[in-house]
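Trainee: Here's a structure for you.
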Amino acid sequence: MAKSVLRVVPVGGRSRPRARGPAPKPERHFTLATPPPEAPIDAPAADSGLCMGVDGRLRCWWAGSDPLYVRYHDEEWGRPVRNDHRLFEKICLEGFQSGLSWLTILRKREHFREAFDGFDPERVAKFGARDVTCLLRNAAIVRHRGKIESTINNARRALDLLAERGSLAKYFWSWEPSPSERPEVCSYEVLRATATTPASVRLADDLKARGWTFVGPTTVYAFMQATGLVNDHVEGCYCRPEVAKIRRR
């Protein structure tokens, strides 16, 4: 499917000055080539947490039928992320998602990337009051002052972490939960009943102690799911074994 690229047009006021040079592009992850099913698959049971796509594959229920969401589920969600810009982007966007649907954020993601200089913490940390005003006029992103200012604050806290740990990846992956903390079966019932985990609570507490904001345990758990710190593709989803294989590398 061809992917359109939209450009942000600031609404009102002058565009804020950009840092020199192009904003770094976050690392992209693409799904492994997966052959179509050899034989038709029966429709999933209503309580299985699975939905069948037009391609005949079974996926997590939340992927639905929106092509953008299906592609995100297949190519990104749950796959291990070790690129610092992508990790910072993801935890910031999870904060913006609070109170909204992830699909809303996903549809605006390219605009967010342009507005926040590719989520390069070093660049975002330099944003000031003029930048905040400009972002609040940008109708292509979520115009929430608290979340915008939180992103700038968190960029500065990210630089502290980089100085201390060398990379965001080293820090975040040190919070990967042990197998003993994970459910034996990643079922629909378990996932629907789990908004936080002990690991997400510990990570959220540590981030807050370091001065990060909009990083509650529910937001952090969604971040851990999306970036592959846990494999929460529901049992029966065709991506689950593929993601498990990648995580073992």
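Read the figures in this text as sums done on the coordinates, not as results from a lab. Being a predicted model, the structure only gives us computed values, none of them experimental. Note: ideal-geometry Cβ built from the backbone for every residue, glycine included; neighbour counts use all protein chains shown.
Trainee: Please give the number of the condition LEU87 fails out of (1) surrounded by fewer than 20 Cβ atoms within 10 Å (Cβ to Cβ); (2) within 25 Å of LEU161 (Cα to Cα).
Mentor: (1)
Trainee: Out of the residues in region 62-81 that are in contact (Cβ under 8 Å) with a residue 40 or more places away in the chain and acidic (Asp, Glu), state the one that is nearest to ALA222 (Cα to Cα). Give the steps one after another, and end with the answer.
Mentor: Our first condition is that a residue be in contact (Cβ under 8 Å) with a residue 40 or more places away in the chain; within region 62-81, this holds for 67, 71, 73-81.
Subset that is acidic (Asp, Glu): 74-76.
Values: ASP74: 16, GLU75: 17, GLU76: 13 Å.
The residue in question is GLU76.
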